[in-house]
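Read through the structure below, which is laid out as structure tokens, and then see the notes.
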Amino acid sequence: MDTSLIDKAIVFATKAHAGTPRKGTQMPYITHPMEAMGIVASITDRQELLAAAALHDVVEDTPVSLENLRREFGEEVARLVYFETSPSDVVTTWRERKQANIDRLAASPLDAKIVAMGDKLSNLRAISRDYRRLGEGLWKRFNAPQGREDVGWYYRGLADALKELAGTAPYEEYKRWLEETF
């Protein structure tokens, strides 16, 4: 198996996220895209999807542009990362932004939903783990006006947007964490 695209994506993402911790933690940020990639790998072995999972946050959270990714990794990887990137030019309320993310994901092609599943399940695992450790104080980490209520609304909406993946192990795990946490 040729993993050169994945290897390149891991190195690129590691450099792009260097020195950045996960929000509210001391964990290196790169642990999140690596976990997302592992989740995607449980659904598919398509190299472009695995590379996109490793890179899914570089455009949103670092100075890297989609054009940079297109040049480095090709059109398919850039397209998949695009679906995972929230538009930065839209100034609206938290709930409107999150609803736009849900709607965009629901209309996305299956390959983009697979990459999103890696991201969203990794995030939900972290939320669930941190909730058990921090309790209600966890919700202060989010910009959600209603805290747990809003975050739960968002993650339930994501579950509906990703329902095309029902029956896969990651989707079923997502649903279990969703029920347990919210």
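Here, each number is a calculation from the coordinates, and none is a lab measurement. Please read all numbers here as calculations on a predicted model, not as lab measurements. Glycine gets a Cβ as well: all are built from the backbone with ideal geometry, and neighbour counts include every protein chain shown.
Here are some notes:
- Applying the Kirkwood pairwise sum to the alpha-carbon positions of the range 66-110 produces a hydrodynamic radius of 11.6 angstrom.
- Isotropic mean projected area of the C-alpha convex hull, the chain (nm²): 10.0
- Pairwise FRET efficiency - Asp45 versus Ala18, Cβ, R0 = 22 Å, nearest 0.05: 0.20
- Springs join every pair of Cα atoms under 10 Å in this Gaussian network model of the chain, and among Gln47, Gln99, Gln26 the largest mean-square fluctuation is at Gln26.
- Annotation: amide H-H contacts under 5 Å for Arg22 (H modelled 1.01 Å from N, sequence separation of 5 or more, or interchain): Met27, Tyr29.
- Here the spin labels are modelled as points 7 Å beyond Cα on the Cα-Cβ line, and at Glu180 and Gln26 they lie 2.5 nm apart.
- Mean residue ellipticity (222 nm) of the chain, computed from DSSP H runs ≥ 4 via -39,500 (n - 2.57), nearest 500: -20000 deg cm²/dmol
- q = 0.22 Å⁻¹, the range 59-167: log10 I(q)/I(0) [Debye, one scatterer per Cα]: -1.31
- Fewest-first sequence of Ser128, Ser108, Ser122, Ser86 by Cβ atoms within 10 Å of each Cβ: Ser86, Ser128, Ser108, Ser122
- When the pairs Lys23/Lys140; Lys23/Lys98; Lys98/Lys163; Lys15/Lys175 are compared against a 21 Å limit on Cα-Cα distance, Lys15/Lys175 fall above it.
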